[in-house]
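The values are calculated or read from the model by the stated rules, or taken from the named source; none is laboratory data. As the structure is a prediction and not an experimental result, all values here were calculated from the model. Cβ atoms come from the backbone with ideal geometry, glycine included; neighbour counts cover every protein chain shown. Calculation scope for accessible area: heavy atoms of the full protein, side chains included, ligands and nucleic acids excluded. Shrake-Rupley method; radii C 1.70, N 1.55, O 1.52, S 1.80 Å.
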Amino acid sequence: MTRLQAAIVSTVPLLFAVDWATKRLIETHVNFWDAYPVIPGFFSIVHAQNRGAAFSLLNDAPDHIRALVLIGFSGVVTLLVAGMLVLSFRPNDKQSDWVRLALALVLSGALGNMWDRVLRGYVTDFLLVYIGDYQWPVFNVADSAICVGAGLLLIDIWRQRGEERVS
């Protein structure tokens, strides 16, 4: 394993720790739905708890159903992504380090949110982006890691399709 690949693998526990620490910091220092503008009119720090999935999906479902679906789904995704990441380090694997980084980002985010769902029954969100009356759903470091990782995977797929057309 190269130093770059070791650094990629180390992003998993590092981002998990950053996600955990920022959520605990918000929980102890920010009251629910208080808004602290960082960039007025665009970005604020808030304190929200999401018992559902993305965009509060399943937020109103019975607790046992919500837990079964969200923790079960998160567990399956986490295992699949972890397996893909481990397999990408086989000696003859042709995965790029960008793909490995993308998988590490998705894995760290999935672990961060799943940890909270298992131990607390909810995920703490605190990053709010908005313009005027339009606002993006509140999110956290784990959500950001998942989105960036998924974006890198999509770019890789798009890049590969472009290379196939040229060949």
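Structure values in brief
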quantity	calculated
Residue in region 122-139 that is aliphatic (A, V, I, L, M), within 17 Å of G52 (Cα to Cα) and assigned to a helix (DSSP H, G or I) present	no
Pick from region 34-82, criterion touching a residue at least 40 places away in the same chain (Cβ under 8 Å) and β-branched (V, I, T), ranking: least open to solvent (accessible area, probe 1.4 Å)	V46
Within region 112-143, considering residues that are open to solvent by 40 Å² or more (accessible area, probe 1.4 Å) and hydroxyl-bearing (S, T, Y), the one nearest to the chain's Cα centre (by Cα)	Y130
Residue under evaluation V77, criteria (1) part of a helix (DSSP H, G or I); (2) at pLDDT 95 or above, criterion not met	(2)
Residues that are closer than 10 Å to R117 by Cβ and among the aliphatic types (A, V, I, L, M), drawn from region 61-75	A67, L70, I71
Some residue of region 96-111 being in a loop (DSSP other than H, G, I, E, B), within 21 Å of G151 (Cα to Cα) and modelled with pLDDT under 95	yes
Tally, over region 58-74, of residues that are modelled with pLDDT of 85 or more and assigned to a loop (DSSP other than H, G, I, E, B)	0
Residue in region 11-21 that is aromatic (F, W, Y), surrounded by 13 or more Cβ atoms within 10 Å (Cβ to Cβ) and not in a helix (DSSP H, G or I) present	no
